[in-house]
Amino acid sequence: MSILSTTTSQAATISVAHHVGLHDRLLDFSDVRVIDRDTKVPLEEISTFLYIPIETENGITYLRKRGMVISYNEVSNITSKDDTPLNWSPIVKVDGKLFISVKYIAREMGFQVEYFQKQKTQRIYRDDYEHMSHEEYETYINKILNAKQTSTQPAEPEGQSKATIYLTFDDGPNKFTAINNSTLKKYNTLATFFFLGNNMKNNSSIINSVVNDGHYIGTHSMTHDKNKIYLSSKSFIKEINEGTKLVKQMTGIDAKLVRTPYGSKPHITSAMKNELIKNGYKLWDWDVDSNDWKYTDKQTDQIVKNVKVGVEKAYKSGDRDIIVLLHDRSQTTLALPQIIEWLQKEGYSLKTYTPEHHIVQNFLHDTSL
C-alpha cells in the first residue's frame, strides 16, 4: 500500500484495490481513491453512471437533480448543498481531477450503500429496482475479483490474437453509419450495428451497404424513448418485435440480437426479461463504454483514450471477448480510425456478431440471453 499526496488538502490518499458496484454490476472506474478513510471516485464518471447532469460556471461545479443542487467551489474547496456549505469535503480535487465520496453522492441521490469488507467493495442500490441479494452479489464479485487476481498475461503465440473485440454501434442508421461503415471497410474489419426502427425506414441504401459488407444488424428498439419502451412488458416487447420485424423486412435476416436503450440495468424487469426469452432473443450490453456521446468533434482523443483504457482493463481481467459500446455520431467517425489502428497494432482481432458463437454479456447475468 502506497501513500500519495493530494493537491488540495493535507488528507492522505491511499492507493489500494477498492471497488464500487451499482445494483448487480461492478463499475469500471479509471481511478478509485481512499481519502481520509472515505472511498472517492471521479465525479464525472459516477455522474454518468447515476445520470446526474454536471455544469461548471465561474469555477464552481454544479450537480443538479430532483430539485437539489450540490456545488463545489474550486477556489475555497468547499462543497455546498442547496447553497449551504458542508462541514466536511465530500468533493476534493486530486491531481487536477474532481473526486466525490461514494457514500455521499449515493445517499443524496436516494440510494443505499452496502459495504463488503472482505472484497473492499461498496455496493450502491435501491430497493425499488430489482437486484440480486447481497449474498448473491458477494458470490458474483468474488468470481470477478478472483478472476482479476489470478489472470496472467503470457506472451501471445505469433500470429494469434490477444482477444476478440466486438465494436458495436448504436442509434443508426444515419449518415454517420455510412462513414463508419466505410472506415471499417478501409481497415478490412467487421462490426455489429444496433439500429433504431424509426431510423431504418428511410435509409435502405445504408442498411444494404452494412449488410453487404458483412456486418451484423441487431435491433435497438423502434424509438429509443425510455418512457415509452419501459412503460410495461407489453410496450417493451412490442418495441423489440417491431424493430426485429423491420430488420427482417429490409434485409431478409431474422436477427435475434438485441441491445436495449440505456442498457438492460436497471430498466428491464423480470417480466420484460421473460418476454425476451420467450421470443427467442439474445441480449448484449457491453464490457467497454467509450462514452462517445459526451464529447464533441474536438474531443475525439478522449473517446480513443476511453476505449484503450477500457479494453486494457477488460483484457487484464481475463476477458477474451470484449464488447465495445460506440454510437453512430460525428465525433465517433473521427475517433474510429485511431481506435481500429490501435486495436490492430495491439494484436486484437475485430469481429462481428455471429449467432452460432453467441457470447453471454448482459448486466442481468442471465445465461439464457
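The values are calculated or read from the model by the stated rules, or taken from the named source; none is laboratory data. Quick caveat, the model's predicted, so the values are computed rather than measured. Note: ideal-geometry Cβ built from the backbone for every residue, glycine included; neighbour counts use all protein chains shown. These area figures cover heavy atoms from the full protein model, side chains too; ligands, DNA and RNA do not enter into them. Shrake-Rupley method; radii C 1.70, N 1.55, O 1.52, S 1.80 Å.
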Report task. Working only within segment 111-125, note down all residues that are assigned to a loop (DSSP other than H, G, I, E, B) and within 16 Å of residue 100 (Cβ to Cβ). Result -> 111
Query raised in the report: more than 29 Å from the chain's Cα centre (by Cα), of a type in the set (Asp, Glu), at pLDDT 90 or above and loosely packed, with under 12 Cβ neighbours inside 10 Å - does that describe any residue in segment 39-56?
Result: no
Query raised in the report: What about residue 354, is it touching a residue at least 24 places away in the same chain (Cβ under 8 Å), in contact with a Phe, Trp or Tyr (Cβ under 8 Å, 6 or more places away or on another chain) and exposed (fewer than 15 other Cβ atoms within 10 Å of the Cβ)?
Result: yes
Report task. Give just the number: which of (1) among the aromatic types (Phe, Trp, Tyr); (2) in contact with a Leu (Cβ under 8 Å, 6 or more places away or on another chain); (3) loosely packed, with under 15 Cβ neighbours inside 10 Å does residue 88 not satisfy? Result -> (2)
Requested in this report: Might you let me know whether segment 296-310 holds any residue that is farther than 21 Å from residue 46 by Cβ, open to solvent by less than 30 Å² (accessible area, probe 1.4 Å) and outside any loop (DSSP other than H, G, I, E, B)?
Outcome: yes
Query raised in the report: Under the condition of being in contact (Cβ under 8 Å) with a residue 60 or more places away in the chain and in a helix (DSSP H, G or I), which residue from segment 228-276 is surrounded by the most Cβ atoms within 10 Å (Cβ to Cβ)?
Result: 276
Query raised in the report: In the set 208, 188, 202, which member is open to solvent by 40 Å² or more (accessible area, probe 1.4 Å), assigned to a helix (DSSP H, G or I) and polar (S, T, N, Q)?
Result: 208
Requested in this report: Go through the residues of segment 318-338 one by one and say whether even a single one is touching an Asp or Glu at 6+ places or on another chain (Cβ under 8 Å), within 17 Å of residue 189 (Cα to Cα) and in a loop (DSSP other than H, G, I, E, B).
Outcome: yes
**Report entry** segment 170-180: number of residues that are open to solvent by less than 10 Å² (accessible area, probe 1.4 Å) and part of a helix (DSSP H, G or I)
**Finding:** 2
Query - Inter-residue pairs, beta-carbon under 6 Å, first without any contact (Cβ under 8 Å) to a residue 60 or more places away in the chain and in segment 20-36, second open to solvent by 10 Å² or more (accessible area, probe 1.4 Å) and in a strand (DSSP E or B), 6+ apart - result: 34/14
Requested in this report: State which residue pairs qualify: first residue over 17 Å from residue 334 (Cβ atoms) and polar (S, T, N, Q) and inside segment 180-193, second residue assigned to a helix (DSSP H, G or I) and modelled with pLDDT of 95 or more in any location, beta carbons under 7 Å apart, and separation of 6 or more residues or different chains.
Outcome: 189/340
Query raised in the report: Would a scan of segment 110-127 turn up a residue that is open to solvent by 100 Å² or more (accessible area, probe 1.4 Å) and at pLDDT below 85?
Result: no
Query raised in the report: Would you say residue 330 is surrounded by fewer than 19 Cβ atoms within 10 Å (Cβ to Cβ) and hydroxyl-bearing (Ser, Thr, Tyr)?
Result: yes
Query raised in the report: Is there any pair with a first residue in segment 70-85 that is in contact (Cβ under 8 Å) with a residue 24 or more places away in the chain and closer than 20 Å to residue 96 by Cβ and a second that is part of a loop (DSSP other than H, G, I, E, B) and of a type in the set (Ser, Thr, Tyr) whose Cβ atoms are under 6 Å apart and which are 6 or more apart or on different chains, and what are they?
Result: 77/8
Query raised in the report: Which pairs have Cβ atoms under 6 Å, sit 6 or more apart or on different chains, and link a residue in segment 149-176 that is closer than 30 Å to residue 120 by Cβ to one that is outside any strand (DSSP E or B) and at pLDDT below 85?
Result: 162/156
Requested in this report: Just give me the residues in segment 326-369 being charged (D, E, K, R) and closer than 30 Å to residue 270 by Cβ, in sequence order.
Outcome: 356, 366
